[in-house]
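This report concerns only the one structure given below.
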Amino acid sequence: MSGVDVDLTDAAAVIQRIASLADAFATQAGVGGMETAGMLVSYLAQHPRDIEPLMRFGIFELPQNWPEQGCLTWQALNGKIVRPEVARRARVIRQLERGAS
């Protein structure tokens, strides 16, 4: 990211905190810490206002549906690459279809 002034000391502390939070949450949830850290970065890139609450108070300060509110793609169990906006749209459609039946 050229042209962006970042205090690298602060950046290192933020990355370390995200890794620590991701590891703790992943351990409790029985999932991978690396995947959890990626989901956190994806979410925070889309919702930077939530960086401070996360850093101060932890992962439970984020909305319940934070993993699906990010900006990065992921690989589904079937091997396909999923775009978050497509997954969100599909979820809304499924909810509407359930409500119509």
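Summing +1 for each Lys or Arg and -1 for each Asp or Glu among the other residues whose beta-carbon sits under 15 angstrom from that of CYS71 gives +1. Ranked by the mean number of other Cβ atoms within 10 Å of their residues, highest first, the peptides 80-92, 63-75 fall in the order 63-75, 80-92. When shorter helices are ignored and each DSSP H run of at least 4 residues is given -39500 (n - 2.57), the per-residue value for the chain at 222 nm works out to -19500 deg cm²/dmol. Taking other C-beta atoms within 10 angstrom as a stand-in for reagent exposure, MET39, MET34, MET55 fall in the order MET34, MET55, MET39, fewest first. Local charge for ALA90 was computed over the other residues whose Cβ lies under 14 Å away, with Lys and Arg +1 and Asp and Glu -1, and equals +4.
Just to confirm the number: angle between the C-alpha axis of helix 84-100 and the first principal axis of the chain, 0 to 90 degrees, nearest 10? So the inclination is approximately 40 degrees.
Counting only alpha carbon atoms, the long axis of helix 8-29 and the longest principal axis of the chain meet at about 40°.
Exposure proxy check: ASP10, ASP5, ASP23 ranked by fewest other beta carbons within 10 Å?
So the residues, fewest neighbours to most, are ASP5, ASP10, ASP23.
FYI, it's all coordinate maths here, none of it is from the lab. Predicted model, so just to flag it, every value in this text is computed and none were measured. For neighbour counting, all protein chains shown are included, and Cβ atoms are generated from backbone atoms with ideal geometry for every residue, glycine included.
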